[in-house]
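Some notes on the structure that comes next.
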Amino acid sequence: MRYVYTLVEAQEVSFQGRPLSAMPGIREAVVEWLTPGQQIVSRPTGRYSVLHAYTGKKNIFQAQLLQKEIKALPLGYLDLFGEDPAAGVRLYGRADVPFVTRGSANPIAAAFFDTRTRRLQIVQNPDPKTLMARFAARAPRGAVAVG
């Protein structure tokens with residue numbers, strides 16, 4: 001499985017000068033459509049949060065003949081949720097990426113990837129319990145966490 005998280009900046013959205021506590025509704029959308037760019041306004045707040053951007057599953061076709069494997073053919077990722085913002089970055093199969101298993105959990109590997117600089121920083125000992133907090137605390141804007 002592949003999970004990708006991205007760091008996003010929160011936006012404050014207002015309709016006709018009044019802050020909205022939720023997504024704009026149908027009434028706000030219609031008014032904005034009639035007078036575009038004048039009714040619904042968003043401003044960055046300076047606060048950041050981690051957003052789950054993508055989940056995919058590695059799809060491998062295994063051909064067998066008389067219960068003996070002939071060929072394993074990787075077919076790429078089957079998209080389960082979202083769009084992968086770091087589609088070209090792969091951790092599986094790289095010699096420099098350690099996969100860690102804790103107890104009976106599945107092996108995990110992780111890295112921080114800055115989409116602006118294309119810099120990949122491998123996390124040497126990823127802990128699922130603290131990984132997102134570590135990412136939010138030290139990742140630069142425009143970065144995504146890949147696992």
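The values are calculated or read from the model by the stated rules, or taken from the named source; none is laboratory data. Only a predicted model underlies this, so the values are computations on that prediction, with no experimental measurement involved. Here the Cβ is made from the backbone with ideal geometry for all residues, glycine too, and neighbour counts use every protein chain on show. Just the protein is used for accessible areas: all its heavy atoms, side chains included, with ligands, DNA and RNA removed. Shrake-Rupley method; radii C 1.70, N 1.55, O 1.52, S 1.80 Å.
Backbone geometry of the range 112-118 corresponds, through the Karplus equation with coefficients 6.51, -1.76 and 1.60 at θ = phi - 60°, to 3J(HN,Hα) couplings of 9, 10, 8, 5, 7, 8, 6 Hz, x marking Gly and Pro. Subtracting the Cα-Cα distance of ALA95 and THR130 from 0.36 nm times their residue separation leaves 10.2 nm of extension gain.
Stretching MET1 away from LYS57 to a fully extended chain increases their span by 19.7 nm, per 0.36 nm per residue minus the current alpha-carbon distance. Largest first, the residues MET23, MET132, MET1 sort by 1.4 Å accessible area into MET23, MET1, MET132.
Shown is the FRET efficiency for ARG27 and TYR48, computed with R0 = 30 Å from the Cβ-Cβ distance and rounded to the nearest 0.05: 0.50. Distance between the 7 Å Cα→Cβ label points at LEU120 and ALA87: 1.7 nm. Counting only protein heavy atoms and a probe of 1.4 Å, the accessible surface of the range 6-49 is 59% carbon and sulfur.
A 1.4 Å probe over all protein chains sorts THR6, THR117 by accessible area into THR117, THR6, starting with the largest.
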